[in-house]
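Step one of this worksheet: look at the structure below.
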Number of protein chains: 2
Amino acid sequence: MKDIHITQETRMANAIRALAMDAVQKANSGHPGMPMGMADVATVLFNRFMNIDPTAPKWPDRDRFVLSAGHGSMLIYAINHLLGYADMDIEQIKAFRQLGSRTAGHPEYGHADGIEVTTGPLGQGIATAVGMAIAEKMKNARYGNDLVDHFTYVIAGDGCLMEGISHEAIDLAGHLKLGKLIVMWDDNAITIDGDTDLSTSMDQKARFAAAGWHVLECDGHTPTEIADAIEAARKDPRPSMIACRTIIGFGAPNKQGSHDVHGAPLGDDEIAAARKQLHWDHGPFEIPQAIYDEWGRIASRGAQARAEWEQRLNTATARAEFLAAEEDEVGTLPAAIEAYKRKLSEDKPKVATRKASQMALEVVNATLPFTVGGSADLTGSNLTKSSGMKSITPNDFTGDYLHYGIREHGMAAAMNGIVLHGGLKPYGGTFMAFADYCRPAIRLSALMGVPTCYVMTHDSIGLGEDGPTHQPVEHLASLRAIPNLLVLRPADAVETAEAWEIAMTSKTTPTMIVASRQNLPTVRTEHVVENLTARGAYLLRDPGARDVTIIATGSEVEIAMDAADKLAAEGIKAAVVSAPCFELFEQQDAVYKVEVMGTAPKIGCEAAIRQGWDLFLGPRDSFVGMTGFGASAPAPALYKHFNITAEAIVSEAKELI
Amino acid sequence: MKDIHITQETRMANAIRALAMDAVQKANSGHPGMPMGMADVATVLFNRFMNIDPTAPKWPDRDRFVLSAGHGSMLIYAINHLLGYADMDIEQIKAFRQLGSRTAGHPEYGHADGIEVTTGPLGQGIATAVGMAIAEKMKNARYGNDLVDHFTYVIAGDGCLMEGISHEAIDLAGHLKLGKLIVMWDDNAITIDGDTDLSTSMDQKARFAAAGWHVLECDGHTPTEIADAIEAARKDPRPSMIACRTIIGFGAPNKQGSHDVHGAPLGDDEIAAARKQLHWDHGPFEIPQAIYDEWGRIASRGAQARAEWEQRLNTATARAEFLAAEEDEVGTLPAAIEAYKRKLSEDKPKVATRKASQMALEVVNATLPFTVGGSADLTGSNLTKSSGMKSITPNDFTGDYLHYGIREHGMAAAMNGIVLHGGLKPYGGTFMAFADYCRPAIRLSALMGVPTCYVMTHDSIGLGEDGPTHQPVEHLASLRAIPNLLVLRPADAVETAEAWEIAMTSKTTPTMIVASRQNLPTVRTEHVVENLTARGAYLLRDPGARDVTIIATGSEVEIAMDAADKLAAEGIKAAVVSAPCFELFEQQDAVYKVEVMGTAPKIGCEAAIRQGWDLFLGPRDSFVGMTGFGASAPAPALYKHFNITAEAIVSEAKELI
């Protein structure tokens, strides 16, 4: 091991190392190797480049720092502590990985300031950062350098770059020439199982170059080399990847450079040896004031930059518009949706809800100037592009529509990044069956509590001939299972408009609009001012005293209404409940729930499996739906084949009453 | 458009084109562009290289053909029809995409012979093919060229190569030097949304080269170029990617080369024009006998090769072993598991079920010679490697353990490929939270009905400090939602052994063994010969007449037993049901179900959300579990924090009775 020449930045970096090894040791759990290995790179990045103000952690024009290798969480906790973030005092560091602390095992967005995104599931950070860099470039195109001019820096590990999502992210970033995205790869040649050559022979530098990136390398323990690389990266119009050759666990003399140091505490002896090796003669969790002062200068520089920015904002003509977007102000949207609903109740269109979604988007996008549409190469199928929208291209970011490519996972993570960046409101579409492809990013939207909007069309066997690979059957259940996600499955154009209002006004909950491929009649034929979809479920057809209640969602509401007609002809009174959003219904009070659901026997109807329907149905109630995978055939043939018909509901109803 | 010089292979290819455009037109749905564009490449591949016998579609040493771009399903249906597969007559082609036909919208494994894997979800084909090529190389290392010596050919589109899973697949394939894997990329520069340059600037050739692949290119409409490329690919020790420059919809004079031809019928006029352009003067679905004869020669060549192979097999010393592996014979496994269970009932170990899983694997892997272990870089955490196992390396395939790298999705798809190849039985592990990363491949295991075995450890908040990103909460529900997947969550070492027996003897159902990070006592303390886990749920503690029934799974069975003890101390009789597999319990008869569940009030307990528990619980029953995401803290603190405790069960029980 080369002897450490103690410079100012080495001292600053050693403070990170000390805090990381002490915190992991105290918690008896965590990953010291990565923070110790990347401490020099992170120190140079923050010391010489990062433009942030810990007293204003949400300053819109701050540089973004994304720790994609989230298991190295002590790196960011140590840095934010040293920078003086008010909510990251030394007690938080001591409480690393303990109940109620802000210092969770992996960085959690919302737990503490200065954490731009929740990371830990590998690859999510780099893919989310792509969205942040897209947002920066879009807003820069709208507001110019005076208001928007910042970098997005990422530290990524071998794991991030092995995950498939990294491919989608770097392909998209390279294509869009996101020149202000800079990824520092912790090239330490170690994974949990051992050396990286156990499982990969990838030439990462060639790989990034193939994706159109600017590629550099540096010794990750030599500040001048690190700084030169970052400097060059900032100047290049392409996104940059800097391969930082590092020694994992740098400073721990007997364990560094080995996978032993990856995910386990060093132990008291090795920590003592590391203190000696690093010339760090301070006690556990002790940082000399001189080192706090050195880190504090970064914060002061940032505060100064922010003050200058505030002045520019205050004199900018776009000030009000800029702030409205930052605040995600919905303005006249509710009124516009209400007017549109009124028109629908007159027109009573018979359209697929994916088409109804596009019609609603005409209203949404005309009202909100900061929406960003997109699709994973299914624009003409998802119908996510409204008439006024303009596609973004690598050389023109003045548009508002993104062609994410055949990259559902990359799209979902990028949308999270756009939301997290702030000032833009993204939604993006794919086929619902491929929600599985982006599920880890959907989960992160929900866990972070950010209002990313997913548009999932072709939502059942109703898509027909494409067959079981493309037909969602278990997806409604599996998506409803994700906590804090609103799954909205509208039955017609009216409910679709209401679903869009919910999605565009949501602040802390991601939403998913689930839409049909096939045409559906307007079932809400009379105008109601209230957004009934926001109730989760409501009485669509009320026969007064009821013999039976039919509960349905989306495309099956039409079938339920038909069944109710048939039952009425036989003198049986059937109520029909439309239930576009289970999660919102759960939030209603008990009185409303009983009012809607009644006490008569119930039949649920959804072209999907029953799991999750126990919210409405008891053991003596019935369900008309799917029990397994679909098949390839025209949709009407499939509904008949799987017995999801008005006749089936009628027959169940007669049995129940 | 260059004039078509009609050679034998052009005629053969035009037969594919004609069938594709006619079938899509008749179905009024489907993708003609890809089969027409790749018809020449596919014809040269089959005519000059493919070694298959349509009369013995499961011949172990056949070449594998994977249509990764599954939307071009008419390509493989047309080829299999022309080759004379008995179950692919012209009526099947005419019934393309109709109910009950073998010619589904996307190729479905098991629907017809000669379909090696279900494709359609993009990228799955290429990633599954990696598993097939791994299996070939492993079996070749065991049995030599006489018995195992075949190629895996893949046709992949732009979509396949944009999906993240393709990165995991090609990185793994390049690393392992899968020289007999040959990918033909349909380089047509068109996606559904338009030209590929809408969303990608990737240099695919450089990208594959960076992953260690041998890269070639050819004009996809010039047979000699195609053949030369395939010939060179077969000789290279690296996996090969051939960039085939093609014109999508080749032969349709007015629409070819445009995204209009990607996913919609050509229309009668354009089909007539194409017939003229291609000099194809036969009616719809008419193929001249001369062309059938030309394709038939491929089949005859394959039949001859197979006969020679059968002779070699019959004289091979490894014949019995080879056939036993092909037949997936479980031999003495049930007896070995029973003996092991007997020992466990004496030892009563207190171990994490992930450790119990490793202990069971000692028995499994000592008994079955054809298992293939693996992990997505979490070998020491998943404990998937048993003592006798040897890691496979790029230059030595005699082992039986795969380091899949940090590639959950690639691992899952590769395991599907190993199963589909035949003769090997793979299982592979990751953290359960990252089941989301490989969900599309898990779904395909279930849809195809192949017994891929997933090992998902760290299965709840019980993993502790890693926090909510790593803690499954909704995963049990979302995985149980997948039809035809057995989710097995054993409570102790005994149930874990039983779960492994179920997994290793399953023939048409994928299995998932869900295991704890934390230690758990043996709850089944008395030996039972029967595999009770195979019942799905069973009475673990039977107090005779019951006041209440507590149903729990996995790590919560210990808590349920503790609660029952506490209740007994207060004179309340609580039965405890261990329910390791909901799906298997559903298959039991009504008498058994009532016997186990009883009629007393019920309390479910699982450190996960309630969704799915309506299988056991009615609206008046109780559930002790999670309602949202977890947190970062030591496991005991979390169980207490989220109130998943014996005390909570006791309190619920008292309320219920």
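Positive-end ranking of B:515, B:454, A:264 along the dipole of the protein assembly as shown, with charges on Cβ about the Cα centre, is headed by B:515.
Shown for residue B:388: label points 7 Å from Cα along the beta-carbon vector, and their distances to the equivalent points in the other copies, 7.2 nm in ascending order. For residue B:620 and residue A:640, a Förster radius of 25 Å and the Cβ-Cβ distance give a FRET efficiency of 0.10, rounded to the nearest 0.05. Extension gain for residue B:48 to residue B:269 (0.36 nm times residue separation, less C-alpha to C-alpha distance): 76.1 nm. Here's the list of lysines a cross-link from residue B:355 could span, going by alpha-carbon distance under 21 Å and ignoring same-chain residues fewer than 8 apart: B:341, B:343, B:385, B:390, B:425. Taking amide H as placed 1.01 Å from N in the peptide plane, residue B:603 has its amide H under 5 Å from the amide H of B:549, B:550, B:551, B:622, each at least 5 places away in sequence or on another chain. Between residue A:525 and residue B:203, the modelled labels are 6.4 nm apart [label points 7 Å from Cα along Cα→Cβ]. When each of the peptides B:550-563, A:97-110 is scored by how many other beta carbons lie within 10 Å of its residues on average, the order from highest to lowest is B:550-563, A:97-110. The HN-Hα couplings worked out from phi for region A:618-633 by the Karplus form 6.51 cos²θ - 1.76 cosθ + 1.60 (θ = phi - 60°) are x, x, 9, 7, 10, 9, 10, x, 9, 10, x, 5, x, 7, 9, 5 Hz, whole numbers, x standing for Gly and Pro. Applying a DSSP loop filter and a limit of 12 other Cβ atoms within 10 Å to the trypsin sites (Lys or Arg not before Pro) in region B:596-657 leaves B:620. Where both bridge residues fall in region B:8-309, DSSP classifies roughly 10% of the beta bridges as antiparallel.
The phi-based Karplus calculation (6.51 cos²θ - 1.76 cosθ + 1.60; θ = phi - 60°) puts the 3J(HN,Hα) values of region A:70-82 at x, 4, x, 4, 4, 4, 6, 5, 4, 4, 5, 5, 5 Hz, whole numbers, x for Gly and Pro. Shielding by partners for peptide A:473-486, expressed as the average number of C-beta atoms from other protein chains within 10 Å of each residue's C-beta, is 6. Extending 7 Å from the Cα toward the beta-carbon at both residue A:345 and residue B:592 defines two label points whose distance is 5.5 nm.
From the largest down, region A:8-309 spans 54, 47, 37 angstrom on the principal axes of its Cα atoms. For region A:324-364, the set of trypsin sites (Lys or Arg not before Pro) satisfying both a DSSP loop assignment and a count of at most 14 other C-beta atoms within 10 Å is given as A:350.
For region A:450-498, a crude dipole built from +1 on the beta carbon of Lys and Arg and -1 on the beta carbon of Asp and Glu, taken about the Cα centre, is about 220 debye to the nearest 20. The calculated 222 nm mean residue ellipticity attributable to helices in chain B amounts to -13000 deg cm²/dmol, summing -39500 (n - 2.57) over DSSP H runs of n ≥ 4 and dividing by all residues. Each of B:317, B:645 was scored by other Cβ atoms within 10 Å of its Cβ. Listed from fewest to most, they are B:317, B:645. Here the residues B:370, B:431, B:285, ranked from fewest to most Cβ neighbours within 10 Å of their Cβ, fall in the order B:285, B:370, B:431.
When the alpha carbon gyration tensor of region B:10-140 is reduced to an equivalent ellipsoid, its three semi-axes come out at 23, 16, 15 angstrom, largest first. Counting other Cβ atoms within 10 Å as a rough exposure proxy, the listed residues B:161, A:278 run A:278, B:161 from fewest neighbours to most.
Which Cα, out of A:14, B:246, B:549, lies furthest along the positive dipole direction of the protein assembly as shown (beta carbon charges, K/R +1, D/E -1)? Farthest along the dipole direction, towards plus: B:549.
Let me know the mean shielding of B:637-645 by other chains, meaning the per-residue number of their Cβ atoms within 10 Å of its Cβ.
Mean shielding by partner chains, rounded to a whole number: 1.
Ascending distances from the residue A:594 label point to its copies in the other chains, with the point 7 Å along the Cα-to-beta-carbon line: 3.2 nm. Against chain B, whose longest principal axis comes from its Cα atoms, helix B:439-448 is set at around 80 degrees.
By definition, a body whose alpha carbon gyration tensor gives a ≥ b ≥ c is oblate when a/c is 1.5 or more and a/b is not larger than b/c, and region A:246-369 fits this oblate description. One quarter of the convex hull surface built on the alpha carbon atoms of region A:332-514 amounts to 9.8 nm², the projected area averaged over directions. Charging the Cβ of each Asp and Glu at -1 and of each Lys and Arg at +1, and nothing else, the dipole of the protein assembly as shown about its Cα centre rounds to 160 debye. With R₀ fixed at 45 Å, the C-beta to C-beta distance from residue A:145 to residue A:508 puts the FRET efficiency at about 0.90. Remark: C-alpha extents of region B:534-657 on the principal axes read 43, 34, 25 Å, sorted largest to smallest.
Full extension of the segment from residue A:651 to residue A:276, taken as 0.36 nm per residue of separation minus the current Cα-Cα distance, would add 126.9 nm. Relative contact order for region A:332-514: 24 percent, from Cα pairs under 8 Å spaced at least 6 residues apart, divided by residue count. Counting only other chain Cβ atoms within 10 Å of each residue's Cβ, the peptide B:98-108 averages 6.
In order along region A:91-106, the Karplus-derived 3J(HN,Hα) couplings, from 6.51 cos²θ - 1.76 cosθ + 1.60 at θ = phi - 60°, round to 5, 5, 5, 5, 9, 3, 6, 10, 4, x, 6, 7, 9, 5, x, 10 Hz, and Gly and Pro are given as x.
Shortest first, residue A:301 label-point distances to identical copies amount to 6.8 nm, with the label point at 7 Å from Cα along Cα→Cβ. Distance between the pseudo-spin-label points of residue B:195 and residue B:311 (7 Å out from Cα toward the beta carbon): 5.7 nm.
Overall, region A:235-344 carries a charge dipole of about 580 debye about its Cα centre when +1 sits on the Cβ of Lys and Arg and -1 on the Cβ of Asp and Glu, all other atoms neutral.
Note: relative contact order over region A:438-588, using C-alpha pairs below 8 Å and six or more positions apart, is 26 percent. For chain B, relative contact order (Cα pairs under 8 Å, six or more residues apart, normalised by length) works out to 12 percent.
Kirkwood hydrodynamic radius, computed over distinct alpha-carbon pairs, for the protein assembly as shown: how many Å, to one decimal?
Its Kirkwood hydrodynamic radius stands at 31.9 Å.
When the Cα positions of A:440, A:497, A:405 are compared along the charge dipole of chain A, A:497 comes out farthest toward the positive end, with charges on each C-beta of Lys, Arg, Asp and Glu.
Only the coordinates and a few stated rules stand behind these numbers; no lab work does. Nothing here was measured: the structure is a model prediction, and the numbers come from that model. Glycine also receives a Cβ, built like all others from the backbone with ideal geometry; neighbour counts cover every protein chain displayed.
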